[in-house]
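Every number in this text was worked out from the coordinates using simple rules, so none of it is lab data. As the structure is a computational prediction, the values presented were derived from the model and not from experiment. Don't worry about glycine lacking a Cβ; one is built from the backbone with ideal geometry, like all the others, and counts go over all protein chains shown.
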Amino acid sequence: MKRREFITLLGGAAVGWPLAARAQQQTERVRRIGVLLGIGENDPESRARVKAFRLGMRDLGWIEGRNVHIEYRFTANNHELIKQYVAELIRLAPDVIVANSTPVIAALRQATSSIPIVFVVVNDPVSQGFISSLAHPGGNITGFTFIEFQLVGKWIELLSDVKPDLSRVALLFNPDSAPYYDVYIRSFKALPQQSSIELEALPVRSASEVELAVAELGRKSGSGLIASADPFIVVERETILKSAEKHRVPIISAYRQFAAEGALMSYGPDTGDIFRRSSSYVDRILKGETPANLPAQSPIKFELVVNLKAAKALGLSVRESFLLLADEVIE
C-alpha cells in the first residue's frame, strides 16, 4: 500500500472513532432503579438518606440521567400509599428496588418474587420472614439491617448515666409498623443483667395514643422514654417531642433527628452511612449478581448525639466525661 493511501485510510478511521464511541454510549442501556422509603419526602431523614444513596451510586459510576434512572417514592408510613407505590414500581419493572421499613418490604415481598430487592434500615428481617438467614438470604431479597435487641440495653444505660434517678423506661412503638419490638423486649429481659431499671412496652397506633401514653409516663417519677426505630415514630416525631417536653420525660432515640429537634439524646446506627453502603449491593446486582448470594449486612457506624439545651430544660446535669463520648453536642 502506498504511504499516501495508508495515511488517508488511517485518517478516515480516526474520524470514525469518536462517532463509534458516541454510538456505543447512545446504545448503552440505561438501568432503572426504584427507591421506596417508609417516611415522608420532606423529612430531613429522607433527604439525608437519598443524598447518601446518590453519593454512593455516583462513586460507583452510576450517574442519574446518564446510565441510570431512579424512581423515588415516599410513603410517610401511609399504608394506602405503600400499596399504590409498590404497584407503580412493579409496573415499571426496575432492575432493582431499594426499600425501607417493614411495611414496605412486606408489601414488596407479596408483590414480586423476581425483581431484586435491597432493604435498607430494616429490623429483624429473618424473624419477619423476609430472608432465610443473614448469611444466606435466598430468594430475591437481601440488604442492610438496623437495630438489634441488645441496643435496648445501651439506650437504658445512656439514659441512666444522665438521669441518675431513672427507675423505669418505656419503649414507644407501633405494633403494626414495628411488630418485632415485643420480641426485642422479651429477648432483652432474658439476658442476665443486674439493672434494677424496669423496661416496659408502650404500643401506640395514633398521635392521640402517643399523647396519652407520654402523659401517663410523665406522672410516674423516674421515667424515661425510648423513641424506637419505627417509621411511625419518625412520622409522629413532633407529637412525641412536644408531649415529652410538656410532661418532662427524657427521650433517647436511634435517630439523630430526634436529638436535633429537642430529645435529650440519640444513639444508633448512622442511617446515611447504611444507605450509602446499600449502593454497593445495587451495583453488584446491576452487574449480574443475585440477592440470594449477597449476605445481609449489619451497621458498622454508630453515633451519639447529646442535646444540652434539652438536658437543661429537664434539670439534668451532663458530666464532661459523658460529653467527651458524644459524636455531636447540641447547645
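Ranking HIS79, HIS69 by Cβ neighbours within 10 Å, fewest first, what do you get?
Ordered from fewest to most neighbouring Cβ atoms within 10 Å, HIS79, HIS69 come out as HIS79, HIS69.
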The correct pair for the stretch 190-302, radius of gyration to one decimal and Dmax as a whole number, both in Å and from Cα atoms, is 18.1, 57
Which value, in debye to the nearest 20, describes the size of the charge dipole of the chain about its Cα centre when Lys and Arg Cβ atoms bear +1, Asp and Glu Cβ atoms bear -1, and nothing else is charged?
-> 1280
Which value in Å is the Kirkwood Rh of the chain over different Cα pairs?
-> 21.7
With the chain treated as a Gaussian network of Cα nodes joined by springs under 10 Å, which of GLY139, GLY262, GLY65 yields the largest mean-square fluctuation?
-> GLY65
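Below 14 angstrom from the Cβ of ASP165, what's the summed charge of the other residues (Lys, Arg +1; Asp, Glu -1)? Mind showing how you got there, number by number?
Numbers: positive: LYS163, ARG168, LYS220, ARG248; negative: ASP161, GLU198.
Result for the local shell: +2.
Note down the net charge around GLY218, summing +1 for each Lys or Arg and -1 for each Asp or Glu among other residues with Cβ under 11 Å from its Cβ. Could the numbers behind the result be given before it?
Details: positive: ARG219, LYS220, LYS246, ARG248; negative: GLU211, GLU216, GLU245.
Every neighbour counted, the sum reads +1.
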Value of relative contact order over the stretch 194-258, rounded to a whole percent, pairs C-alpha under 8 Å and six or more apart | 37
Restricting to lysines and to Cα separations under 16 Å from LYS163, and discarding same-chain partners fewer than 8 apart, the set is LYS154, LYS220, LYS309, LYS312
Two-decimal ratio, the stretch 125-241, of alpha-carbon radius of gyration to 2.2 N^0.38 Å | 1.16
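Counting other C-beta atoms within 10 Å, which of MET265, MET57 has the fewest, and how do the rest follow?
Working: MET265 29, MET57 23.
Lowest count first: MET57, MET265.
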For the stretch 264-322, the spread of Cα positions along each principal axis, largest first, Å = 56, 16, 15
